[in-house]
Amino acid sequence: MSHTLTAAGFTQEAFDSFLDSRHEPGWLVDLRRAAWARFSELAMPARNDEEWVRTDIRLFKLDRFGFPTGAPVGSDMPRSLLAEGVALGGSTVTSDSVVVGAQLAEKWSAKGVLFGDLATMVAEHGDLLKPYFERRVVDANRDKFAALNAAAWAGGALLYVPKRVAIDEPLHSLSAMTDGGIDLNRTLVIVEEGAEATLLSETASISEHGGGFHCGSIELLVEPGARLRYVSLQNWGDQVWHFAHQKAHIAARGHLQWTIGALGSRLAKVNQHVAMTGQDAEAQVNGVMFTQGRQHLSYNTHQHHQAPHCRSDLLYKAALQDDSRTVWRGMIKVDKPAQRTDAYQRNDNLMLSRTARADSIPGLEIEADDVRCTHGSTSGRVDEQQVFYAMTRGYTRQEAVRMIVEGFFQQVFDRIPIESVSEALGEAIGQRVRDI
Amino acid sequence: MSEFIPAAKVGEVIDPGSLLVEIDDRLVVLIHAAGHWYALDDVCTHDGGPLSDGPVDVTDRSIACPRHGAKFDMATGAALTMPATKPTVAHEVKVEGDHVFVRLNSAS
């Protein structure tokens, strides 16, 4: 197996070499330079910063990583969970931030759909994409990781669906990482007015216990009346550091269904943000998390209602075993003009061991006075009576526990209309559940 | 059982005082108090705060979390005061010559 070489550290010299190697348009170079300046100014997040107070990254050493500069891997690639048995309209594959393949069915490209690696798409369609980059959906100033991705992104996927084009086959993107590798993917999805698409996106390490560093971003632009189903499965090796900023803008009458699966990584810190920017926009957000060992997964979700008559519905469910830990902080923010908002957020945690820990912190910040906003959170253990009952029916204890865990997640699986996704998540979780 | 690993030199930690060290990819607070040495996971079990930033109290053999004041027994890791209710992990320490060695508690 070949591997990707990385430059030593994120230094100014390495950044200049990185830029020289990419031959990108001037406007993009300017955006990268501005983000690099911000990255250089910003300190790592402070321990007493409220957003980081429960997530300790003192063992993360940024200077052990650098810009991806090497060749992609050879034949070894992780198994795709989401694409199995699915007739795809197109796919992209990157490894350690380097594109190794991209294809789109002719029938979709003939309709003006663009799908492939982001760098190639910028080179070929820069004028089309420039305004979307300049919208800066993910704020590069947010923190050091956001600035790093804006300055140094490499690999990643672009999906552009022109007005009123409905793609009825899922598209798929896979980002792989070698042990000790780096992934700086940026994903940009633009679904124009009245268009429809489904994108299945997954990340995976070649080695189950592999390490490495992911610093990524996802930007989803759902234009008026458009519909997007986006699935993001994080399945890195259990020593990977995962930092990501992910944000969607949903315009008037737009609809986004966003499903997140979080299974891998040593430590994950993710900011997931949906902004309903136009009237009558709708977002459904689903989260499925399973942690084990000493994993620490921290998700900050933000449902931002900026316009009237919008709906958002978030459901995150997590099961934790061993000494693992999850942190979920959810916020529903309703701006003053966003009257008649209907927003909900809920987080359920199933504790499979006495030493696991789940922090669940829902929040509301409401400036409008005619809204319905509710939230809820539950945490509990597996009911021993349920286990006993299943065992009296002939199941082993482990089978019984697996069934109960599967039942716990069924509520969120029922919301996912893509069968392959709920099956893949269910299978991956079932394999991880041990006796308790 | 894991091995004793060199953690610091004796002169690096004043008495009373503490030092944050990394041992086998784990953050440990090494404590020197009244001539004795102790080592705990650098984690307050209340909300994950860093004990290494907190004060050492020789009189009750405790170290306190700087965030909310929860105290932990230096020798056993036991939670002595609210808001912590669960112990943090204590590790074995020995001194040989000028060096302090820590053996991680593999039970956790």
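Here are the numbers:
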| read-out | value |
| --- | --- |
| In sequence order, calculated HN-Hα J values of the stretch B:27-37 (Karplus, 6.51, -1.76, 1.60; Hz; x Gly/Pro) | 8, 10, 9, 9, 10, 10, 8, 6, x, 9, 10 |
| Calculated FRET value between A:Ser17 and A:Arg79, using beta carbons and R₀ = 25 Å, to 0.05 | 0.15 |
| Prolate/oblate/rounded call for the stretch A:70-215, Cα gyration tensor, a/c under 1.5 rounded | oblate |
| Distance between modelled label sites at B:Ile5 and A:Glu208, nm, 7 Å Cα→Cβ extension | 2.4 |
| Whole-Hz couplings from phi, Karplus 6.51/-1.76/1.60, listed for the stretch A:322-334; x for Gly and Pro | 6, 9, 6, 8, 10, 10, 10, 10, x, 9, 9, 10, 10 |
| Cα gyration tensor category, rounded, prolate or oblate, for chain A with a/c compared to 1.5 | rounded |
| Cβ-based net charge around A:Tyr316, under 12 Å, with every Lys or Arg adding one and every Asp or Glu removing one | +2 |
| Tensor-based shape of the stretch B:1-84 (alpha-carbon gyration tensor, a/c under 1.5 rounded, otherwise prolate or oblate) | oblate |
| A:Gln410 versus B:Val58: modelled label distance in nm, points set 7 Å from Cα along the beta carbon direction | 6.3 |
| Nonlocal amide H pairs with B:Val43, under 5 Å, H built at 1.01 Å | B:Leu51 |
| Placed amide H near A:Ala157: partners under 5 Å, 5+ positions off or other chain | A:Leu118, A:Arg186, A:Thr187, A:Leu188 |
| Eligible lysines near B:Lys86 by straight Cα distance, threshold 29 Å, same-chain separation 8 or greater | A:Lys269, A:Lys317, B:Lys71, B:Lys94 |
| Projected label distance in nm at A:Glu124 and B:Glu96, using a 7 Å step from Cα toward the beta-carbon | 6.4 |
| Percentage relative contact order, the stretch A:166-272, counting C-alpha pairs under 8 Å, at least six apart | 27 |
| Relative contact order [Cα under 8 Å, 6+ residues apart], the stretch A:356-436, whole percent | 26 |
| Aspartates and glutamates with Cα under 13 Å of A:Lys61, excluding same-chain neighbours fewer than 8 positions away | B:Glu22, B:Asp25 |
| Chain A: most fluctuating residue of A:His209, A:His249, A:His23 per GNM, C-alpha cutoff 10 Å | A:His23 |
| Partnerless Cys - the protein assembly as shown, beta-carbon criterion under 4.7 Å | A:Cys215, A:Cys310, A:Cys373 |
| Mean separation of Cα contacts under 8 Å, 6 or more apart, over the residue count of chain A: relative contact order % | 10 |
| Within straight-line cross-link reach of A:Lys247, aspartates and glutamates at Cα separation under 16 Å, skipping those fewer than 8 residues along the same chain | A:Glu134, A:Asp139, A:Asp143, A:Glu219, A:Glu223, A:Glu282, A:Asp313 |
| Chymotrypsin sites (Phe, Trp or Tyr not before Pro) within the stretch A:349-436: DSSP coil, no more than 15 neighbouring Cβ in 10 Å | A:Tyr395 |
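No value in this document is a laboratory result; all are computed from the given coordinates. A quick note: this is a predicted structure, and the numbers were derived from the prediction, not measured. With ideal geometry, Cβ positions are generated from the backbone for all residues, glycine too; neighbour counts draw on all protein chains shown.
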